[in-house]
Amino acid sequence: MTKQIYEDYKYFIQDPGYFFVGSKYTLKELTLNEDILYKFRKVIAESILPSFSDEDTLETVLYYLKPDDFCMQVFKQMNGEVKVSVKVKKKHLFGSEEEVYRTKYLKINDLVSMSEDDKKEAGLFIQELKGSKLALLTV
């Protein structure tokens, strides 16, 4: 029997101004992956990892972030935005409704201001973290 390795939403992409990190990386994987920016790995290791477990995913960290957490200030400092999918009702031509997922970017402040009940009700699914490279240098 072969072991299935889950690799969806485990990516790191960068352009001249921003970086994008998939949400399924564990914090340990983020710190050990050499393909990820050194500064981002250092921020994760020194600022985020002491507050969470090695096996927590980036999705878990972002989902349960509180307004008074130090980690929230770190993500805010790097101009973090979170790509999420939320359930919305779509009306069809003849009046029937269907629930579909829409993708959008939320600022860290907007994500943190939502309660856990609001997140569950909206069917929130976190896909990636977007951050500014220039802002990352100030962290």
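Side notes on the structure shown:
- Out of K133, K104, sole residue that is in contact with a Phe, Trp or Tyr (Cβ under 7 Å, 6 or more places away or on another chain) and either in contact (Cβ under 8 Å) with a residue 12 or more places away in the chain or under 19 Å from F12 (Cα atoms) (or both): K133
- Residues of the range 19-57 satisfying the condition of being in contact with a helix residue (DSSP H, G or I) (Cβ under 7 Å, 6 or more places away or on another chain), within 21 Å of F125 (Cβ to Cβ) and touching a residue at least 60 places away in the same chain (Cβ under 8 Å): F19, V21, S23
- S113 falls short on exactly one of the conditions (1) within 12 Å of the chain's Cα centre (by Cα); (2) modelled with pLDDT of 90 or more, and that condition is (1).
- Residue ranges of strands (runs of 3 or more DSSP E) in the range 1-119 with at least 1 members among the aromatic types (F, W, Y) and surrounded by 11 or more Cβ atoms within 10 Å (Cβ to Cβ): 12-14, 18-22, 97-107
The values are calculated or read from the model by the stated rules, or taken from the named source; none is laboratory data. Since we're looking at a predicted model, the values are computed, not measured. Virtual Cβ from ideal backbone geometry, glycine too; neighbours counted across all protein chains shown.
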